[in-house]
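Scroll down for the structure; my scribbles are underneath it.
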Amino acid sequence: MLIPIQSETPKFQCNACGSCCSHIRGIVPKEDREFLKQYVFGKLPVVQLAPVEQMTFPLWDWEAKRFKEWQHEVNVDARIKPLRAIMDLKSNKAIILTYFMDGLTDACPFLKNSKCSIYHTKRAYVCRLFPFNRSPFSISNPNRNNLFGECGAMEKILPNIPADFNNMVKFLNEAFPDGSFLNAVQNDIIIKWMNSAIVDLMRKKIIKPAINIPYDSILRRINNSEKIDFTDFLVEAGYLTEEEKKNLINRFDDNVEAKEKVNNYKNF
Ligand code: SF4
Ligand code: SF4
């Protein structure tokens with residue numbers, strides 16, 4: 001009698017080599033690099049405050065706040081600096097959207113002896129989504145070549161990724177029990193949320209971003225202005241209550257929207 005063979009989805013297992021945390025500077029995909037160089041140096045509301053070659057992983061403002069606390073607990077100077085901002089001409093404040101760690105080497109400052117010294121914490125989305133660079137929902141024609149960063153533990157996964165989108169989502173959800181897939185999906189959802197919140201703030205005339213200003217001038221103005229984190233600004237401007245802000249960040253932390261999105265694909 002022939003016994004049917006169950007084909008099991010291979011499971012990703014990080015081998016904790018530390019390689020993805022060793023070179024976090026300038027790791028921007030080529031197409032994103034071109035866009036950044038062309039648009040985020042004074043032409044659009046969002047202004048990049050560090051050269052593309054100097055930047056490292058972006059941290060959301062609430063993540064940067066946590067990193068600033070954790071660095072003291074583990075005796076690290078993570079050199080956390082603003083990465084992207086909006087110069088708001090109405091409030092005359094620089095609204096900080098994301099931060100980055102400008103360490104003294106290309107490695108993450110929290111990496112000690114090839115181990116993350118804050119691994120026991122929530123860390124940041126950029127830490128938890130690797131080996132993904134992005135989710136299949138955020139790119140046209142997602143495939144095994146454009147979803148991931150360099151990771152030596154992908155040999156069982158890559159050849160098995162289905163080409164069909166629905167099957168790909170189902171496969172990725174099963175193949176990454178570490179949650180990295182859901183984290184990648186949620187991080188893309190947060191990017192979209194932030195972009196639409198900025199547009200909504202402009203539409204409602206709550207902010208008036210400085211645009212089309214020579215880069216040197218806008219950088220000087222941002223550096224000399226009072227600064228406020230984006231989510232704190234939303235509360236200050238009455239766009240969210242403090243309670244709503246906390247709930248929003250909790251939902252992000254719990255990947256609520258990503259789970260809802262991916263659940264729709266489970267029965268394919
Ligand atoms: S995700 Fe990949 S590159 Fe990063 S530590 Fe794990 S095995 Fe190494
Ligand atoms: S905080 Fe930890 S996981 Fe995140 S990049 Fe640094 S060393 Fe890697």
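The values are calculated or read from the model by the stated rules, or taken from the named source; none is laboratory data. Model, not experiment: these values are computed from the prediction. Using ideal geometry, Cβ is built from the backbone for each residue, glycine included, and neighbour counts are taken over all protein chains shown.
Kindly indicate whether Phe137 is touching a residue at least 40 places away in the same chain (Cβ under 8 Å), surrounded by 15 or more Cβ atoms within 10 Å (Cβ to Cβ) and within 15 Å of ligand 2 (Cβ to nearest atom). Can you show your working first?
On the way: touching a residue at least 40 places away in the same chain (Cβ under 8 Å): yes; surrounded by 15 or more Cβ atoms within 10 Å (Cβ to Cβ): yes; within 15 Å of ligand 2 (Cβ to nearest atom): no.
So Phe137 fails the test.
Just name the residue that is farthest from the chain's Cα centre (by Cα) out of those in the range 159-186 that are more than 16 Å from ligand 2 (Cβ to nearest atom) and of a type in the set (Gly, Ala, Ser).
Ala163
Can you tell me which of (1) among the basic types (Lys, Arg); (2) away from ligand 2 (no atom under 12 Å from the Cβ); (3) surrounded by 18 or more Cβ atoms within 10 Å (Cβ to Cβ) is the one Lys156 doesn't meet?
So the condition that Lys156 fails would be (3).
Within the range 191-214, which residues are part of a loop (DSSP other than H, G, I, E, B) and either surrounded by 14 or more Cβ atoms within 10 Å (Cβ to Cβ) or modelled with pLDDT under 95 (or both)? Write out each step before concluding.
Filtering the range 191-214 down to residues part of a loop (DSSP other than H, G, I, E, B) leaves 204-208, 210-214.
Selection gives Ile206, Ile207, Lys208, Ala210, Ile211, Asn212, Ile213, Pro214.
Return the pair list, or none, for Cβ contacts closer than 6 Å from residues in the range 105-120 that are within 11 Å of ligand 1 (Cβ to nearest atom) to residues that are at pLDDT below 90 and in a strand (DSSP E or B), at least 6 apart or on different chains.
none
Looking at (1) within 16 Å of ligand 1 (Cβ to nearest atom); (2) closer than 30 Å to Lys81 by Cβ; (3) of a type in the set (A, V, I, L, M, F, W, C); (4) outside any helix (DSSP H, G or I), find the lone condition where Met154 falls short.
For Met154, the exception is condition (2).
Across the range 252-266, which residue is nearest to Ile191 (Cα to Cα) among those that are among the charged types (D, E, K, R) and buried (at least 16 other Cβ atoms within 10 Å of the Cβ)? Give the steps one after another, and end with the answer.
Of the range 252-266, the ones among the charged types (D, E, K, R) are 253-254, 257, 259-261, 266.
Now restrict to residues that are buried (at least 16 other Cβ atoms within 10 Å of the Cβ): 257, 261.
Numbers: Glu257: 13, Lys261: 15 Å.
Applying the filter and picking the extreme gives Glu257.
Looking only at residues in the range 187-198 that are of a type outside the set (A, V, I, L, M) and under 10 Å from the mean Cα position of the chain (by Cα), which one is nearest to Phe130 (Cα to Cα)? Steps first, please.
Initially, the range 187-198 is screened for residues of a type outside the set (A, V, I, L, M), giving 187-188, 192-193, 195-196.
From the residues that got through so far, the ones that are under 10 Å from the mean Cα position of the chain (by Cα) too are 187-188.
Working: Asn187: 11, Asp188: 13 Å.
Only one residue fits best here, namely Asn187.
Exactly one condition in (1) under 18 Å from Leu49 (Cβ atoms); (2) loosely packed, with under 14 Cβ neighbours inside 10 Å; (3) polar (S, T, N, Q) is not met by Ser225; state its number.
(2)
So how many residues does the range 66-82 have that are touching a Lys or Arg at 6+ places or on another chain (Cβ under 9 Å) and either over 26 Å from Gln48 (Cβ atoms) or of a type in the set (D, E, K, R) (or both)?
2
Looking at Ala258, Ala237, can you tell me which residue is touching a residue at least 24 places away in the same chain (Cβ under 8 Å), within 30 Å of Pro162 (Cα to Cα) and not acidic (Asp, Glu)?
Details: Ala237 fails: within 30 Å of Pro162 (Cα to Cα).
That would be Ala258, the only listed residue that is touching a residue at least 24 places away in the same chain (Cβ under 8 Å), within 30 Å of Pro162 (Cα to Cα) and not acidic (Asp, Glu).
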